[in-house]
Amino acid sequence: MSLIVQKFGGTSVGDTDRIGMVADKVAGFRAQGHSVVVVVSAMSGETNRLIELAHSVQERPVLRELDVLLSTGEQVTTALLSMALSKRGVKAKSYTGSQVRILTDDAHTKARIREIDDERLHRDLADGYVIVVAGFQGVDENGNITTLGRGGSDTTAVALAAALKADECQIYTDVDGVYTTDPRVVSEARRLSRITFEEMLEMASMGSKVLQIRSVEFAGKYNVPLRVLHSFKDGPGTLITMEDDSEMEMPTIAGIAFNRDEAKLTIEGVPDMPGMAYSILGPIGEANIEVDVIVQNISHDKTADFTFTVGRNDLERAEEVLNQVAKDINAEKVTSDSKIAKVSVVGVGMRSHAGVASQMFAALAEVGINILMITTSEIKISVIIEEKFLELAVRALHSSFGLEKEPNDEGAA
Ligand code: ADP
Ligand code: ASP
Ligand code: MG
């Protein structure tokens, strides 16, 4: 008998029939004698609906109130699932994040979990209850409701699994595991039976939204066995593992991630002298805007063009800040482009294989895609391209790296 934390995402609880199917599934685990904590998302589309509602009332909603509103989505699901469980004769209790006391910092809409009070949960588990916790939310020190950022229910689940020392954290969703790339974009994408924490972290941070990045960070840090599975189809899913767990030789590339969430800003004609990068990025940082890729080119006239990317949501504010900077440092002008996308190839095998970058660039060149910016780390290479080429790029790379084939299948096809 083990303790399992199970998280069901938005589409898996998208209507009351599905909530019933989730209840059947959870009841099955209970019948086998397992203790179960369930984390649920809001019913699909609900969080977006609530965000729109807020914006229809106030252009830039007060973030504290936005969190109060957004947290209701998951609360609805917890109550409905608990009812569906009790209808099936399974003892169940629902809790909001604040009732559990999932303590977070006070960064509304992107709060981080600090601590979880597990006392009440252990008591309920000992009494034989299935505990149904609202994902994506917590409470700060002063009792204000907070939310954890889009996709945050994954993080609630992993954090609960860590706090309760669960035997496994199972993320149930609408795909049967983590794929070599988003199967909605490349139909030949293949399910990975396992992926390392490190790779999953890069995939998630480069845009694969199958798991929220913070959930993977948590799982790695607290060594939580984490598995991604289909809510309604049986199968082994994908296990996220520590690298040295595996005796198998790792393939060079695990997968391809992409995102459309960034925008590019360029400040042109920056005087070429010490301190300029700081003069530009200092104020951006102070405005709490995260910068991703950075490129600087010095031209022959001794001025530089400085280009960087930020989240698309931050573009407007970043432009305001940068226009002021341009005046202060006597730069020529500021331009921006939000129709860009980032594509990344990820794999720990890159460490021991040369030539991944050139293969990537060759594959993009072959389909006529111009690379705007490049950035690399030890286990990933990312390029910024025009957004309209995104799907073409992902397909070209997927095929160039042979990701549709099983790792030991080379030459077999
Ligand atoms: P949930 O609502 O269950 O949290 P999400 O929509 O957040 O589900 O995540 C599942 C989706 O992630 C899939 O439907 C798929 O389109 C997308 N996805 C993106 N990249 C990948 C990937 N590498 N492997 C699997 N799914 C991916
Ligand atoms: N409901 C939230 C969202 O849509 C959190 C989640 O589903 O994980 O982002
Ligand atoms: Mg999700």
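The values are calculated or read from the model by the stated rules, or taken from the named source; none is laboratory data. Small disclaimer: the values here were computed from a predicted structure and weren't measured. Every residue, glycine as well, gets a Cβ built from its backbone with ideal geometry; the counts of neighbours run over all protein chains shown. To get the accessible areas, we keep the full protein, side chains included, count just its heavy atoms, and leave off ligands, DNA and RNA. Shrake-Rupley method; radii C 1.70, N 1.55, O 1.52, S 1.80 Å.
All but one of (1) under 24 Å from Val334 (Cα atoms); (2) away from ligand 2 (no atom under 16 Å from the Cβ) hold for Asp261; which doesn't? That leaves (2) as the condition not met. Taking the conditions (1) closer than 26 Å to Ala161 by Cα; (2) within 16 Å of ligand 3 (Cβ to nearest atom) in turn, Asn259 satisfies each one other than (1). Of all the listed residues (Thr11, Thr16, Thr78), the sole one being within 14 Å of ligand 1 (Cβ to nearest atom) and touching a residue at least 40 places away in the same chain (Cβ under 8 Å) is Thr11. Evaluating Leu211 against the criteria (1) in contact (Cβ under 8 Å) with a residue 24 or more places away in the chain; (2) farther than 21 Å from Gln6 by Cβ leaves one unmet condition, (2). For region 124-134, the condition holds for at least one residue, the condition being that it is within 15 Å of ligand 3 (Cβ to nearest atom) and crowded, with 24+ Cβ neighbours inside 10 Å.
If you take the residues of region 192-241 that are more than 20 Å from Leu164 (Cβ to Cβ) and charged (D, E, K, R), which of them is surrounded by the fewest Cβ atoms within 10 Å (Cβ to Cβ)? Lay out the reasoning, then the answer.
Restricting attention to region 192-241, the residues satisfying the condition of being more than 20 Å from Leu164 (Cβ to Cβ) are 192-196, 198-210, 213, 230-238, 241.
With charged (D, E, K, R) added as a condition, the list becomes 194, 198-199, 202, 209, 233-234.
Details: Arg194: 20, Glu198: 20, Glu199: 28, Glu202: 27, Lys209: 15, Lys233: 10, Asp234: 8.
By that ranking, first place goes to Asp234.
Please tell me if Ser35 is modelled with pLDDT of 95 or more, of a type in the set (S, T, N, Q) and within 30 Å of Ala126 (Cβ to Cβ). Lay out the reasoning, then the answer.
Details: modelled with pLDDT of 95 or more: yes; of a type in the set (S, T, N, Q): yes; within 30 Å of Ala126 (Cβ to Cβ): yes.
Considered against the rule, which asks whether it is modelled with pLDDT of 95 or more, of a type in the set (S, T, N, Q) and within 30 Å of Ala126 (Cβ to Cβ), Ser35 comes out as yes.
The residue that is nearest to Ser208 (Cα to Cα), counting only those in region 251-278 that are open to solvent by 40 Å² or more (accessible area, probe 1.4 Å) and among the small types (Gly, Ala, Ser), is Ala277.
When you go through Leu192, Leu229, Leu164 one by one, which is the residue that is more than 15 Å from ligand 3 (Cβ to nearest atom), within 18 Å of Leu3 (Cβ to Cβ), in contact with a strand residue (DSSP E or B) (Cβ under 9 Å, 6 or more places away or on another chain) and touching a residue at least 24 places away in the same chain (Cβ under 8 Å)? Let's see the steps before the verdict.
On the way: Leu192 fails: within 18 Å of Leu3 (Cβ to Cβ); Leu229 fails: more than 15 Å from ligand 3 (Cβ to nearest atom).
Testing whether each residue is more than 15 Å from ligand 3 (Cβ to nearest atom), within 18 Å of Leu3 (Cβ to Cβ), in contact with a strand residue (DSSP E or B) (Cβ under 9 Å, 6 or more places away or on another chain) and touching a residue at least 24 places away in the same chain (Cβ under 8 Å) leaves just Leu164.
Confirm whether Asp167 is modelled with pLDDT of 95 or more, open to solvent by 10 Å² or more (accessible area, probe 1.4 Å) and in contact with a His (Cβ under 7 Å, 6 or more places away or on another chain).
no
Looking at region 38-61, can you tell me whether even one residue there is within 23 Å of Ala159 (Cα to Cα) and more than 16 Å from ligand 3 (Cβ to nearest atom)? No, region 38-61 contains no residue that is within 23 Å of Ala159 (Cα to Cα) and more than 16 Å from ligand 3 (Cβ to nearest atom).
Selection over region 356-374 of residues that are out of contact with any Leu (no Cβ under 7 Å at 6 or more places or on another chain) and open to solvent by 40 Å² or more (accessible area, probe 1.4 Å) gives a count of 10. So, in region 140-158, of the ones that are over 15 Å from the mean Cα position of the chain (by Cα) and not charged (D, E, K, R), which residue ends up nearest to Lys110 (Cα to Cα)? Residue satisfying both the conditions and the ranking: Thr146.
Just so you know, in region 170-188 the residues that are closer than 18 Å to Val345 by Cβ and touching a Gly at 6+ places or on another chain (Cβ under 8 Å) include one that is most open to solvent (accessible area, probe 1.4 Å), and it is Tyr179.
Of all residues in region 129-161, those satisfying the criterion of being away from ligand 2 (no atom under 16 Å from the Cβ) and more than 21 Å from Phe8 (Cα to Cα) are Val139, Asp140, Glu141, Asn142, Gly143, Asn144.
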